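Structure first, commentary second.
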Amino acid sequence: MKLFLFGAAILGVLWVVDVKLDRDTLNDGLIRMHIVANSDSQEDQNLKLQVRDAVTAYLTPILEKIPSREEAEVYLREHLEDLKAIAQQALSDTGQQVTVKLEKQAFPKREYDTFTLPAGTYEALHFEIGAGEGHNWWCVVFPQLCLPATAAEFDAQAAGAGFSDTLTGAVEGDYPIRFFLLDCLGKLENWLGSRGS
């Protein structure tokens, strides 16, 4: 019996370590995009979508050719002013200004068309329009998931980002307990981050 309990404990520890490695993959393998509207007025929400369309149209063909998250981050950091100019052009007739940053941000759990990302602190390309007091729009800019992806397309992108099969399954809803633990770890990251700021 003691041998059985010892073996079960070892398996439990290995499973928790494996979940933590998946959490690290999410943190290190993704760059999210976050566009915050000036306000919740219909006009400002429409402007947010214009910025989204302009930026994703520019970035999609470029980032499709970049093989790693690290290279994508370097590209984005080197082109923040270009991205700001593209976003500002989409707002050109409004007088509203936009700020653009690439920084760590805390995110809640977020459901997309074919997958769900757990809460956590992720690298984010952040656009804030005007006062930044409106509802926002999120996507994953690397790997390229800003456009709706089928399950097969998501699987291919996830593999390219270094996701394990179990991590891919967790965010697609196949492993709810694993996803729950990933989300709990992400919420803990966000809480610790807020305590440290």
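The values are calculated or read from the model by the stated rules, or taken from the named source; none is laboratory data. These figures come from a predicted structure and were not determined experimentally. Glycine gets a Cβ as well: all are built from the backbone with ideal geometry, and neighbour counts include every protein chain shown. Side chains are part of the model used for accessible areas, which takes the heavy atoms of the whole protein and leaves out ligands, DNA and RNA. Shrake-Rupley method; radii C 1.70, N 1.55, O 1.52, S 1.80 Å.
Condition check ((1) among the hydrophobic types (A, V, I, L, M, F, W, C); (2) open to solvent by 90 Å² or more (accessible area, probe 1.4 Å); (3) modelled with pLDDT of 95 or more; (4) not in a loop (DSSP other than H, G, I, E, B)) across all residues:
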site: 11; (1), (2), (3), (4): yes, yes, no, yes
site: 32; (1), (2), (3), (4): no, no, no, yes
site: 46; (1), (2), (3), (4): no, no, no, yes
site: 49; (1), (2), (3), (4): yes, no, no, yes
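Of the residues 160, 95, 130, 186, the single one that is in contact with a Pro (Cβ under 8 Å, 6 or more places away or on another chain) and closer than 24 Å to residue 58 by Cα is 160.
Answer yes if at least one residue in the range 144-161 is out of contact with any Phe, Trp or Tyr (no Cβ under 7 Å at 6 or more places or on another chain) and among the aromatic types (Phe, Trp, Tyr), and no otherwise. No, the range 144-161 has no match at all. Cβ separations smaller than 8 Å between residues 6+ apart or across chains give the following pairs from the range 21-46 residues that are over 16 Å from residue 105 (Cβ atoms) to residues that are modelled with pLDDT of 90 or more and of a type in the set (Val, Ile, Thr): 37/129; 38/129; 44/129. Residues in the range 57-72 that are open to solvent by less than 40 Å² (accessible area, probe 1.4 Å) and either touching a residue at least 40 places away in the same chain (Cβ under 8 Å) or aliphatic (A, V, I, L, M) (or both): 59, 60, 63, 66, 69, 72. Annotation note: of 114, 121, 99, the sole residue that is of a type in the set (Val, Ile, Thr) and modelled with pLDDT under 90 is 114.
I'd like to check something: does the range 73-84 contain any residue that is closer than 18 Å to residue 37 by Cα and either surrounded by 13 or more Cβ atoms within 10 Å (Cβ to Cβ) or modelled with pLDDT of 95 or more (or both)?
Yes, there is a match, as at least one residue in the range 73-84 is closer than 18 Å to residue 37 by Cα and either surrounded by 13 or more Cβ atoms within 10 Å (Cβ to Cβ) or modelled with pLDDT of 95 or more (or both).
Could you check the range 88-188 for strands (runs of 3 or more DSSP E) lying wholly inside it with 2 or more residues that are open to solvent by 50 Å² or more (accessible area, probe 1.4 Å) and touching a residue at least 12 places away in the same chain (Cβ under 8 Å)?
Working: elements: 98-107, 120-129, 136-142.
Strands (runs of 3 or more DSSP E) meeting the threshold: 98-107.
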